[in-house]
Amino acid sequence: MRDVMLAAAGFAVLCAAPALAAEKRDYQAAIATLGAYKAAIEKRDLAGVEALFAPDAEIFESGGVEGNFAHYRDHHLGPELKAFKSFAFPEYKAAVRGEGDIAVATETYRYAIELADGKRVERNGVATSVLKWIDGKWKIISLHSSTRRPKAPQ
């Protein structure tokens, strides 16, 4: 009887191991979601970007509540990108940590925008993003970014 119980326990462990391994998340892959968002901004083309966000995602930018991504896209980011000649992130770094189905990412960056009139705008920025594992993908559920002018050289 003891041998049967040990065999059953061993079998249960073997069966559970793949399930436990499947639950382990690749938090670095959350950075790929943020990278896809950044690339779309640089291309100034937001087609399909909504899929990177959960439907109830919240966007906060420089002290403002922007609402969900669709609202932010239609009333803020989209119109801005149409007015820009170019948008680039020449200095970008991202780090992520996670717990279960949640990943928290911090991005630091510099961006450069060229306006339609040729004027150039540069800013330093930082963003904190919370992503959730939804239907086998990392989706942004909260994005908070802020920027400021770079300090003048001394």
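The values are calculated or read from the model by the stated rules, or taken from the named source; none is laboratory data. Since the structure is predicted, the reported quantities are computational estimates derived from the model, not experimental observations. Ideal geometry is used to build each Cβ from the backbone, glycine not excepted, and the neighbour counts take in all protein chains shown. With ligands, DNA and RNA removed, areas are computed over all heavy atoms of the protein, side chains included. Shrake-Rupley method; radii C 1.70, N 1.55, O 1.52, S 1.80 Å.
Residues that are small (Gly, Ala, Ser) and either assigned to a loop (DSSP other than H, G, I, E, B) or within 15 Å of residue 96 (Cα to Cα) (or both) within region 142-154 comprise 142, 152, listed in sequence order.
Just to be sure I understand the filter: pairs with C-beta atoms under 9 Å, separated by 6 or more residues or on different chains, first member in region 113-141 and in a loop (DSSP other than H, G, I, E, B), second member open to solvent by less than 40 Å² (accessible area, probe 1.4 Å). Which pairs pass? If the second residue must be open to solvent by less than 40 Å² (accessible area, probe 1.4 Å), the pairs left are 116/84; 119/113. Residues that are open to solvent by 40 Å² or more (accessible area, probe 1.4 Å), at pLDDT below 95 and more than 20 Å from residue 132 (Cα to Cα) number at least 1 in the following helices (runs of 4 or more DSSP H) confined to region 27-98: 78-83.
Of the residues making up region 119-141, those that are open to solvent by less than 30 Å² (accessible area, probe 1.4 Å) and touching a Phe, Trp or Tyr at 6+ places or on another chain (Cβ under 8 Å) are 125, 127, 131, 140.
If you take the residues of region 99-113 that are among the hydrophobic types (A, V, I, L, M, F, W, C) and under 18 Å from the mean Cα position of the chain (by Cα), which of them is surrounded by the most Cβ atoms within 10 Å (Cβ to Cβ)?
Residue satisfying both the conditions and the ranking: 103.
Name every residue in region 20-71 that is basic (Lys, Arg) and closer than 23 Å to residue 116 by Cβ, in order of residue number.
38, 43, 44 - these are the residues of region 20-71 that are basic (Lys, Arg) and closer than 23 Å to residue 116 by Cβ.
Of 107, 61, 50, which residue is in contact with a strand residue (DSSP E or B) (Cβ under 9 Å, 6 or more places away or on another chain), farther than 22 Å from residue 25 by Cβ and not hydrophobic (A, V, I, L, M, F, W, C)? Exactly one of 107, 61, 50 is in contact with a strand residue (DSSP E or B) (Cβ under 9 Å, 6 or more places away or on another chain), farther than 22 Å from residue 25 by Cβ and not hydrophobic (A, V, I, L, M, F, W, C), namely 61.
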